Each structure stands twice: as structure tokens, then as C-alpha cells.
Ligand SMILES: Nc1ncnc2c1ncn2[C@@H]1O[C@H](COP(=O)(O)OP(=O)(O)OP(=O)(O)O)[C@@H](O)[C@H]1O
């Protein structure tokens, strides 16, 4: 796997004034890029743009050297987004949420079962696998969404504020898992408010009011 995702001076909006202006970023296989900045700075907007969910009005996103067309193209290129709101089905169990995503992605049933068990174990959720999501705590729901993201074995993992609901031990666990994904060869992008978490990443892009203010490479 060697899918570098590059945002080249992207300007992105939701129909009105742009909320990202000429932002450049690079997700490199084997590395974790932290995207930081205050609330409303544009972190989610950047991740959605890298995931093919938003189309820049200027600039371009490319994956493996080709312009990223849309969400279908991103999925085909194995770009996986763990969204800030988790996007779990409340009336399914934790395991069902993971398994359904894998089956929808074309993974065979027995392999989907194995991957589901492994991913929930890695997030410390073996005991919650058969619990309905609506009965899980906020942190357990967040870890279920991360388990689903990891189980998809993406080449690019976009993790949006995935530690915001977690206690210190689980935050550490998730940061370690993001690093493991990078060691596996994935390009990882991690949006976070947490300066300590960002410091543990390989590079940092800091957004303020939709502009890239400082960059640690
Ligand atoms: N669906 C939308 N329609 C219109 N404006 C939006 C929409 N989503 C976000 N915005 C605006 O875009 C700007 C950037 O929002 P974004 O969610 O990307 O910031 P963020 O850095 O991820 O914030 P947070 O840390 O609070 O999650 C904000 O001004 C927000 O109000």
C-alpha cells in the first residue's frame, strides 16, 4: 500500500463564504499527521475534503497521484473516515455495527466476523460486543466507531476527534493504535484539540480560521 493523499491549496465551503482557504496538507503512508486548531477552525472540513465528501471550490485533492473525484473514488482507494459524531446505528449492537460496515465493503462473512472480534478486542470492547450501541457510554460508542474504522483496514485513516470522550488510559490506547496503523503502512490523519496528543504525532498542521497557521513536518 502506498497511497499518499495530498491537499494542494484547497479552498472549501458549504455554499457561502469558504471555511478553508488555500490549505495544503499531506497524508503520508507510515506517518500520523495531527490536524489541530480551535473549534470551528476547519479540522472536520479538511478531513471531509480528504475523504471525498466535500469538493474544493479551488485547489485539488489527489490520491496516489490522481485527482480525488468523489466519495466512491475515496472508498475505492481505501480511504476510511472515522467521523466525529461516530455515525453508529443505535439499535444495532457494537459487533453488528462493525460487521455491517465490513459486509457492505465486500468482506466475506467469516472474515468479517474475525475482523470484528479482533477490532473490538483491540479497543477493549470484547465485553460490549453484543450490547446495543444505545446502551453504551459515550466513550464506548466512540471506541466502537474506531473499531469499525480499524476493521476496514484502510490505506488512509482519517480520524476526527476520536479521543474526545475517552479517559486517559483509553486515549493512550487509541493513540497507540493510530501509530500501529501507521506502522502497518497506513497514512493516518488525526484531528484533535489535545496538544499532548498532537505532540505525539509525526507531524502537525495547525488551522486557525480556515487557514494553515503553523506546520510541523
Ligand atoms: N454543514 C455545514 N454548513 C455550513 N457551515 C458549516 C457546516 N459544517 C461546518 N460549517 C462551518 O465551517 C467552519 C469549520 O467547521 P469545522 O467543523 O470544520 O471545524 P472544526 O475545526 O472541526 O471544529 P470542532 O473542533 O468544533 O469540531 C465553522 O465555521 C462551521 O460553522
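Every number in this text was worked out from the coordinates using simple rules, so none of it is lab data. Since the structure is predicted, the reported quantities are computational estimates derived from the model, not experimental observations. Glycine also receives a Cβ, built like all others from the backbone with ideal geometry; neighbour counts cover every protein chain displayed.
The largest-to-smallest principal axis extents of the Cα set in segment 30-120 are 43, 31, 27 Å.
Taking only the alpha carbons of the chain, we obtain Rg and Dmax values of 16.5, 48 Å in that order. Only helices enter this figure: runs of n ≥ 4 DSSP H residues, each worth -39500 (n - 2.57), summed and divided by the residues of the chain, yield -10500 deg cm²/dmol at 222 nm to the nearest 500. Packing here is the average count of other Cβ atoms within 10 Å per residue, and on that basis the peptides 99-109, 190-200, 32-42, highest first, run 32-42, 190-200, 99-109. Per residue, the average separation of C-alpha pairs within less than 8 Å and at least 6 apart gives the chain a relative contact order of 33 percent.
Have a look at 57, 23, 162 and tell me which one the Gaussian network model of the chain (Cα, springs below 10 Å) gives the largest fluctuation. Largest GNM mean-square fluctuation: 57. So if the hydrodynamic radius of segment 1-75 is defined as the Kirkwood radius over C-alpha pairs, what does Stokes-Einstein give as its diffusion coefficient at 25 °C and 0.890 mPa s, in µm² per second? Reported coefficient: 196 µm²/s.
Spread over its residues, the convex hull of the C-alpha atoms of segment 88-195 is 95 Å³ per residue.
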